[in-house]
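Heads up: the structure comes next, in structure tokens.
The values are calculated or read from the model by the stated rules, or taken from the named source; none is laboratory data. The structure presented is a predicted model; accordingly, all values stated were derived computationally and were not measured. Cβ sites come from the backbone with ideal geometry, for glycine too, and all protein chains shown count toward neighbours.
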Amino acid sequence: MNTENPKQNLPWLDKEAENAATVRGENSSPDFKEVVEAGLERRELIKTLFTGAAMAATGAITAPSAEASSLTGLTFKPIKLSQGNDYIDVPEGYDAGLVIAWGNPVTADAPDFDPNRQNGPTQSQQFGYNCDMVTYHSLPMWNSTNSRRGLMCVNHEYTDPTAMFPNYSTTPTKDQVDAEIAAHGVSVVEVEEFFGVWQYNANSAFNWRITGETEMMITGPAAGDPLMQTSADRTGTRVRGTLNNCAGGQTPWGTMLTAEENFNQYFANRNGMPAGVNRDNMARLGTITGVSSRRWESFYDRFDQAKEPNEANRFGWIVEIDPYDPNSMPKKRTSMGRCKHECATTTIAKNGQVVVYSGDDERFDYVYKFVTAGVFNRDNRAANMDLLDNGTLYVARYNADGTGEWLPVVFGTGPLTATNGWRNQADVLIRLRQAGDALGATRMDRPEDVEVNPVTGAVYLVCTNNTQRGVGSNPATDAANPRANNRSGHIIEMVEAGNDHTRTTFNWQIFMLCGNPDDPAQGTYFAGAPREKVSPIGAPDNIAFDNQGNLWIGTDGMEAALGWHDAVYACVTEGPDRGTLMPFMTMPIGAETCGPTFTPDNETFFLAVQHPGEGSTFARPSSRWPYGGNDIPRPGVVFVKKSWGRGTIGS
Ligand code: FEO
Ligand code: CA
Ligand code: CA
């Protein structure tokens, strides 16, 4: 390991140096020599900090022997998987560097990060914790494909107070709770590339924070429903904050979609709710029966279901944010239903209708898609801004013969009638999981990301893992979830009827059964690719496509499944090399890969590094990533580029 404290040498961590060096405001004109020198200095540091070039590679025991595929542009040399390396590794000819990390200033007046003195006001001006979804929005706004300057939106899934604070106990202080609430939400920052190095501009007027306290609007069919009303909001149309945002998406009109996932963990004392429909639904979603481990309810009644039985109904939605307008109010779009949404992936159908795919990440839960009533308007951005309020929601059923159906989740259709106790569409959306149960949707192995191949139109669904199938009274294996002890997860490939995303039938097949291909007992399958062209992979989570239709797969939980750190892979989806799987990037100790995304020109790859040092404490961190020395681990977003900046990622 590098024993020096690299933090002292990092020009972009020193605010003065940072402001003087490569981060520039919109109207500044950087001195060319200064920028080049700063870039060169950073590049050397990036190499030692991130690729471990100055460190002895330790513990990488498997050499994935996949061969490059020139057909798809994937010609990089695959890296070794990692065991024990506390840095990010990328292939030869590539560099990775940090864009922003937990505690970095987001707003211009943000205080310096001091983990010993965090509270709501400080944290609400700084980059939040556990970054997950990353979206890149080119500047200037609308119809721009600028790949050198844009807005980066990053959501912050959850907090780990034992890693964030010194002296955290089961009775947290109000400052700690307020800092946690403020460390959730979303950060929007302006980012720019100079000579192959991305930095964020800490002084940009575009920067803003959305937290667990930011006021947002509730829109769509469930807005105003009695189940959405609380003592603080009798209208059922205004809610404070967004929580547990996992993946998300980006719309063709330039907004960010961020998906509220495991919101249940913040809401305590379900046993104190009156018995009935609302409590039963909260039980289906898993809100906390008694005291919560986070204890937010000790300070805020809205997290106590005995006192505010409807507040949790206002979480579990897809939230739409216009990053270009820091004064805009985020909107919870209830049309897409309430569950533990992993993602919200948008595609435009042939006729212009917009389709949003989403998975509900829980063992034995469902896959959804939403089809807008209106069509995308390429000429008028404003005309698209409320498209997501009206349309039809569907849930997936995977038949054993390789066909599938999208079942409408619509009040009055099928079993979703007044006779069966459903009140209206708001009720159906608030109790989405129960609607899926009634419709007979297929119970999946934790649906995570869903993405559409931009070349073929095929839809890829990631099921991250499920070791409980067939255990006790749980559902048995089925064609779409074929392994009982599915430790490593699988990926399903779907083709909509007529390759039309608005249609209600599809064909599907297993694309990948993940695991270690050297262990026949794991029953792996890589779309037909032979052993020498694939690598061990476990617990796929977030995926992304490049412009050539290659699938990029990030994992969350590979260490538990297979013993290697989480990693990012590139995978060929079409042609003779279909199924070829090559490791591209490995994570530091304890970290998960989140939010893989490309700039429009595919020359930059962004990734959120979530929970480095997971499972350890503030006093005894198991990782020092990214700053090294004596710093605590800090979740952060990194960029990857070809060395010296130019060239397509994967080449
Ligand atoms: Fe937050 Fe489903 O991963
Ligand atoms: Ca995830
Ligand atoms: Ca996950």
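Put simply, of Thr413, Thr467, Thr442 the only residue that is within 16 Å of ligand 1 (Cβ to nearest atom), among the β-branched types (Val, Ile, Thr) and at pLDDT 95 or above is Thr467. Selection over the range 92-128 of residues that are in a loop (DSSP other than H, G, I, E, B), of a type outside the set (Gly, Ala, Ser), within 22 Å of the chain's Cα centre (by Cα) and within 29 Å of Ser643 (Cα to Cα) gives a count of 4. Kindly check whether there is at least one residue in the range 525-543 that is among the hydrophobic types (A, V, I, L, M, F, W, C), within 15 Å of ligand 3 (Cβ to nearest atom) and under 15 Å from Thr456 (Cβ atoms). Within the range 525-543 (the criterion being among the hydrophobic types (A, V, I, L, M, F, W, C), within 15 Å of ligand 3 (Cβ to nearest atom) and under 15 Å from Thr456 (Cβ atoms)), the answer is yes, since at least one residue qualifies.
Quick check on my filter: what residues within the range 92-105 are among the aliphatic types (A, V, I, L, M) and surrounded by fewer than 23 Cβ atoms within 10 Å (Cβ to Cβ)? Don't jump to the end; show me each part of the working.
Restricting attention to the range 92-105, the residues satisfying the condition of being among the aliphatic types (A, V, I, L, M) are 96, 98-101.
Ala96 - this is the single residue of the range 92-105 that is among the aliphatic types (A, V, I, L, M) and surrounded by fewer than 23 Cβ atoms within 10 Å (Cβ to Cβ).
Is one or more of the residues making up the range 196-210 in contact with a strand residue (DSSP E or B) (Cβ under 9 Å, 6 or more places away or on another chain), charged (D, E, K, R) and touching a residue at least 12 places away in the same chain (Cβ under 8 Å)? Yes, the range 196-210 has at least one match. The set of residues in the range 383-395 that are in contact (Cβ under 8 Å) with a residue 60 or more places away in the chain and under 16 Å from Glu496 (Cβ atoms) contains only Tyr394. Every condition in (1) farther than 20 Å from Glu448 by Cα; (2) in contact with a strand residue (DSSP E or B) (Cβ under 7 Å, 6 or more places away or on another chain) is met by Gly615 except one, and the failing one is (2).
In the range 507-578, which strands (runs of 3 or more DSSP E) lie fully inside it and hold 3 or more residues that are touching a residue at least 60 places away in the same chain (Cβ under 8 Å)? Walk me through it before giving the result.
On the way: elements: 540-545, 551-555, 567-571.
Those strands (runs of 3 or more DSSP E) span 540-545.
A quick yes/no check of all residues on (1) within 22 Å of the chain's Cα centre (by Cα); (2) modelled with pLDDT of 95 or more; (3) in a strand (DSSP E or B); (4) surrounded by fewer than 22 Cβ atoms within 10 Å (Cβ to Cβ):
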position	(1), (2), (3), (4)
Thr170	no, no, no, yes
Ala182	yes, yes, no, no
Gln199	yes, yes, yes, no
Ala205	no, yes, no, yes
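Step by step: first the residues of the range 346-381, then only those that are hydroxyl-bearing (Ser, Thr, Tyr), within 16 Å of ligand 1 (Cβ to nearest atom) and assigned to a strand (DSSP E or B), then the one that is surrounded by the most Cβ atoms within 10 Å (Cβ to Cβ). Which residue is that?
As a first pass, look at the range 346-381 and keep what is hydroxyl-bearing (Ser, Thr, Tyr): 346-347, 357-358, 366, 368, 372.
If we keep only those that are within 16 Å of ligand 1 (Cβ to nearest atom) too, we end up with 357-358, 366, 368.
Imposing the further condition that a residue be assigned to a strand (DSSP E or B) reduces the set to 357-358, 368.
Working: Tyr357: 26, Ser358: 28, Tyr368: 26.
For the range 346-381, the residue satisfying everything is Ser358.
Filtering the range 243-299 to residues that are within 16 Å of ligand 1 (Cβ to nearest atom) and of a type in the set (Gly, Ala, Ser) leaves Ala247, Gly248, Gly249, Ala259, Gly286.
Taking the stated definitions as given, is Pro226 under 25 Å from the mean Cα position of the chain (by Cα) and away from ligand 1 (no atom under 16 Å from the Cβ)?
Details: under 25 Å from the mean Cα position of the chain (by Cα): no; away from ligand 1 (no atom under 16 Å from the Cβ): yes.
No; evaluated as a whole, the condition is false for this residue.
Considering (1) over 17 Å from Phe263 (Cα atoms); (2) in contact with a Leu (Cβ under 7 Å, 6 or more places away or on another chain); (3) assigned to a loop (DSSP other than H, G, I, E, B), the lone condition that Ser335 does not fulfil carries the number (3).
Quick grid of which residues meet (1) over 30 Å from Gly498 (Cβ atoms); (2) surrounded by fewer than 23 Cβ atoms within 10 Å (Cβ to Cβ); (3) within 16 Å of ligand 2 (Cβ to nearest atom); (4) touching a residue at least 60 places away in the same chain (Cβ under 8 Å):
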site	(1), (2), (3), (4)
Glu405	no, yes, no, yes
Thr417	yes, yes, no, no
Val450	no, no, yes, yes
Pro454	no, yes, no, yes
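Restricting attention to the range 428-474 and to residues that are within 25 Å of Asn281 (Cβ to Cβ) and in contact with a Phe, Trp or Tyr (Cβ under 6 Å, 6 or more places away or on another chain), the residue that is nearest to ligand 3 (Cβ to nearest atom) turns out to be Val450.
Looking at the range 579-588, which of the residues that are away from ligand 3 (no atom under 14 Å from the Cβ) and in a loop (DSSP other than H, G, I, E, B) is farthest from Asn602 (Cα to Cα)? Among those residues, the one meeting the criterion is Pro588. Within the range 419-434, restricting attention to residues that are closer than 19 Å to Glu260 by Cα and out of contact with any Lys or Arg (no Cβ under 7 Å at 6 or more places or on another chain), the residue that is nearest to ligand 2 (Cβ to nearest atom) is Arg431. Of all residue pairs spaced 6 or more apart or on separate chains, those with beta-carbon atoms under 6 Å, a first member in the range 120-133 that is touching a residue at least 40 places away in the same chain (Cβ under 8 Å) and under 8 Å from Ala179 (Cα atoms) and a second member that is within 16 Å of ligand 1 (Cβ to nearest atom) and among the aliphatic types (A, V, I, L, M) are Gln123/Ala183. With respect to Tyr394, is the statement that it is out of contact with any Gly (no Cβ under 6 Å at 6 or more places or on another chain), within 16 Å of ligand 2 (Cβ to nearest atom) and part of a strand (DSSP E or B) true? No, not satisfied.
It is to be established whether one or more residues within the range 501-510 are at pLDDT 95 or above, over 21 Å from the mean Cα position of the chain (by Cα), closer than 23 Å to Met133 by Cβ and more than 16 Å from ligand 2 (Cβ to nearest atom).
Kept after step one, since they are at pLDDT 95 or above, are these residues of the range 501-510: 501-510.
Next, only the ones that are over 21 Å from the mean Cα position of the chain (by Cα) stay: 501-510.
Retained after the next criterion (residues that are closer than 23 Å to Met133 by Cβ): 501.
Imposing the further condition that a residue be more than 16 Å from ligand 2 (Cβ to nearest atom) reduces the set to 501.
Yes, the range 501-510 contains a residue that is at pLDDT 95 or above, over 21 Å from the mean Cα position of the chain (by Cα), closer than 23 Å to Met133 by Cβ and more than 16 Å from ligand 2 (Cβ to nearest atom).
When you look at Thr214, is it under 16 Å from Asn327 (Cβ atoms) and surrounded by fewer than 23 Cβ atoms within 10 Å (Cβ to Cβ), yes or no? When the stated conditions are applied, Thr214 passes them. Taking only the range 211-223 into account, find how many residues are part of a loop (DSSP other than H, G, I, E, B) and in contact (Cβ under 8 Å) with a residue 60 or more places away in the chain. Of the residues in the range 211-223, 7 are part of a loop (DSSP other than H, G, I, E, B) and in contact (Cβ under 8 Å) with a residue 60 or more places away in the chain.
If the condition is being away from ligand 3 (no atom under 16 Å from the Cβ) and either buried (at least 24 other Cβ atoms within 10 Å of the Cβ) or on the phi > 0 side of the Ramachandran plot (or both), then the range 328-345 contributes Lys332, Arg333, Thr334, Ser335, Met336, Gly337, Arg338.
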